[in-house]
1. Would you mind stating whether Val4 is among the β-branched types (Val, Ile, Thr), over 14 Å from Val64 (Cβ atoms) and surrounded by 15 or more Cβ atoms within 10 Å (Cβ to Cβ)?
2. Is it fair to say Val4 is touching a strand residue (DSSP E or B) at 6+ places or on another chain (Cβ under 6 Å) and aliphatic (A, V, I, L, M)?
3. Out of the residues in the range 44-98 that are among the hydrophobic types (A, V, I, L, M, F, W, C) and more than 14 Å from the chain's Cα centre (by Cα), state the one that is nearest to Ile12 (Cα to Cα).
4. Limited to the range 21-38, what total is found for residues that are out of contact with any strand residue (DSSP E or B) (no Cβ under 9 Å at 6 or more places or on another chain) and in contact (Cβ under 8 Å) with a residue 40 or more places away in the chain?
5. What residue, of Val41, Val62, is within 13 Å of Met1 (Cα to Cα) and either touching a residue at least 12 places away in the same chain (Cβ under 8 Å) or surrounded by 17 or more Cβ atoms within 10 Å (Cβ to Cβ) (or both)?
Amino acid sequence: MLSVSERAAERIVEVVKTHEGQYRGLRVGLQDGGCSGYTYVLAFEAGPAEGDLVIEQGEARVYVHPLHVPFLAGSALDWDEGAVQSGFKLENPNVRRVCGCGDSFDV
């Protein structure tokens, strides 16, 4: 399914601990949008919804809605710490086309 790197797991745990009681994990999903069809949704949430796939990497929890599982199969979630920008990075082998601005994709 979706793999979570050690760096991504560490960042998830850090945010959850910083917002103790408010968040328990990170949701990874898709929504319609952009010029190529889909955009990723990454959001910290209080817990999984009924039916969610819950991926555990150490203390980190990642939630994926069952409808999004086929689109994210084989994907890898990482944390990229850069000099100018830092954030979660998702490598998805199912992506067939990316728009020119890089914000949306098609599978």
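Nothing in this text is a laboratory measurement; each read-out follows from the coordinates by a stated rule. If you're wondering where the values come from, they're calculated on a predicted model, not measured in any experiment. Cβ sites come from the backbone with ideal geometry, for glycine too, and all protein chains shown count toward neighbours.
1. no
2. yes
3. The qualifying residue nearest to Ile12 (Cα to Cα) is Ala46.
4. Of the residues in that region, 1 qualify.
5. After ruling out the rest, the residue left standing is Val62.
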